[in-house]
Amino acid sequence: LHNIAKLAKARGRLGEAEKLFNESLAIRRAFKQAHRRYYRENDVGIVKTLKNLAELTKAQGKPRREGAPFWREALEIVRRLHGGHDDHPYVATAINNLAALLDEAFADMPGTVEHGDLGVREEGEGRVLPTAIFARWRNSI
């Protein structure tokens, strides 16, 4: 059902996609209640559906803040799945999605919103390891 909703969204049938994503979310939540031993796998599916519902609000031309409840719930689940640690890349991505809402919230104010990820470069291998995320508003007056 989730994949059919994604297909409807890709074809521009946004109302149908919203209905199908909401049905998919209801089924995933009901399954989680009935089969708690599979909660981790099902939580990942719930996060995917919440993410798609949040992105769908933007595709429908609605204000981004209408997607905030979906992003918040997804963040709560991802944090729980990763032991409450904000340094996991999936958690950082979920927080960054919420931080992007600041762009819209402050859009009419003089100034800019900056947000992103911070990391340190690992010695030897040169990988960048995520360490934090940030969001700030800078007044241009």
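Details
- Filtering the range 78-103 to residues that are open to solvent by less than 60 Å² (accessible area, probe 1.4 Å) and either of a type in the set (Asp, Glu) or not in a helix (DSSP H, G or I) (or both) leaves His82, Gly83, Gly84, His88, Ala100.
- Conditions (1) under 17 Å from the mean Cα position of the chain (by Cα); (2) in a helix (DSSP H, G or I); (3) at pLDDT 85 or above; (4) of a type in the set (Lys, Arg): number failed by Lys62: (2)
- Of all the numbered requirements in (1) open to solvent by 60 Å² or more (accessible area, probe 1.4 Å); (2) outside any helix (DSSP H, G or I); (3) not polar (S, T, N, Q), Ile27 misses one, and that requirement is (2).
- Any hit, the range 45-57, residues being under 25 Å from Ala99 (Cα atoms) and not in a helix (DSSP H, G or I): no
The values are calculated or read from the model by the stated rules, or taken from the named source; none is laboratory data. Keep in mind that what you see is a predicted model, and the values were worked out from it rather than measured. Just so you know, the surface numbers come from the protein's heavy atoms only, side chains and all, with ligands and any DNA or RNA stripped out. Shrake-Rupley method; radii C 1.70, N 1.55, O 1.52, S 1.80 Å.
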